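The values are calculated or read from the model by the stated rules, or taken from the named source; none is laboratory data. Keep in mind that this is a model prediction, so the values were computed, not measured. Note that each Cβ is placed from the backbone with ideal geometry, even for glycine, and that neighbours are counted across all protein chains shown. We work out accessible area using only protein heavy atoms, side chains counted, and drop any ligands, DNA or RNA first. Shrake-Rupley method; radii C 1.70, N 1.55, O 1.52, S 1.80 Å.
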Amino acid sequence: MCISRSSDPALTHTWDHEPLRGLCTQVTAAVMAQQTTPSSQKALMVELKSLQEQPVEGFRITLVEESDLYNWEVAIFGPPNTLYEGGYFKAHIKFPVDYPYSPPTFRFLTKMWHPNIYENGDVCISILHPPVDDPQSGELPSERWNPTQNVRTILLSVISLLNEPNTFSPANVDASVMFRKWRDSKGKEKEYAEIIRKQVLSTAADADRDGVKVPRTLAEYCVQTRMPSQDSSSDLLYDDLYDDMEESEEEDSDEDDGEARGGVYGDQDDSGNEEL
């Protein structure tokens, strides 16, 4: 409890600072929350919602955990009329906190035999390499990651890489040699194709377990539908996150206006002559 500073004993009174302290605490918490929420979360939320409403053909996107926007699960359907036709390949995309200024990583969970996929499943592709000048890599800086790229361009690059491997800088040398023999022999050397087909067939169990119908015709593959989220609350989660961010920005704007008019708390009568 504080004593009024009025010199007139008749006007001397006490008043409680607790409501003011409570307001200060709320304002401080809101400011700190805004400062500690990375801008990458909003970018990822917008991209995820866009990909679920307008998916890339041959892909399905979900979160590994509903509360974690930095880890995505990707299901890739093998394109018709390719060695991967009928396949159901799963992968994880992991994003850095400073996304999109740094690239994510893309790792297959399904075992893959491919010239540009490491044994641990990591994809070796220019678009996922940091934008640094590395003459020994044989890559131009323009071929590497930059902040204008997004998940959609990554997915398109990965599906293109599956069908057209880069044998000049392979991650799997043995797979690269085997692929070149298959390609140069126009399919007469069948070892590479046989390995891929065995891997495709082995993915049927994962598709059955996940309740996924794998597209096998070009018409099925090209159908774009809004993919269901992991549960019915997902859309509400994204909407709430987006609304919270907008509200936080509006609160910050209101606070700035308040400060311009006389501080965070507005103009206070400090004379001690408040009406009793």
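Take the cross-link list K90/K188; K111/K186; K111/K190; K188/K213; K190/K213; K90/K213 and give me the ones stretching past 22 Å between alpha-carbons. Present the calculation step by step, with values, prior to reporting the outcome.
Details: K90/K188 30 Å; K111/K186 25 Å; K111/K190 19 Å; K188/K213 32 Å; K190/K213 28 Å; K90/K213 14 Å.
As for pairs spanning more than 22 Å Cα to Cα, those are K90/K188; K111/K186; K188/K213; K190/K213.
Accessible-area rank, largest first, for R183, R209, R144, R216: R209, R216, R183, R144, with all protein chains present and a 1.4 angstrom probe. Rolled with a 1.4 Å probe across the full set of protein chains, the surface gives W113 an accessible area near 60 Å².
Dimensions of segment 60-107 based on its C-alpha atoms, expressed as ranges along the principal axes with the largest first, amount to 39, 23, 12 Å. For D210 and Q41, a Förster radius of 22 Å and the Cβ-Cβ distance give a FRET efficiency of 0.25, rounded to the nearest 0.05. Sorting V97, V200, V46, V177 on solvent-accessible area from highest to lowest, probe radius 1.4 Å, gives V97, V46, V177, V200. The heavy atoms of T110 offer some 20 square angstrom of accessible surface to a 1.4 angstrom probe. Relative to the current alpha-carbon distance between D184 and D68, full extension at 0.36 nm per residue lengthens the span by 37.3 nm.
The residue among I61, Y88, L109 whose Cα reaches farthest toward the positive pole of the charge dipole of segment 29-118, with charges on the beta-carbon of Lys, Arg, Asp and Glu, is L109.
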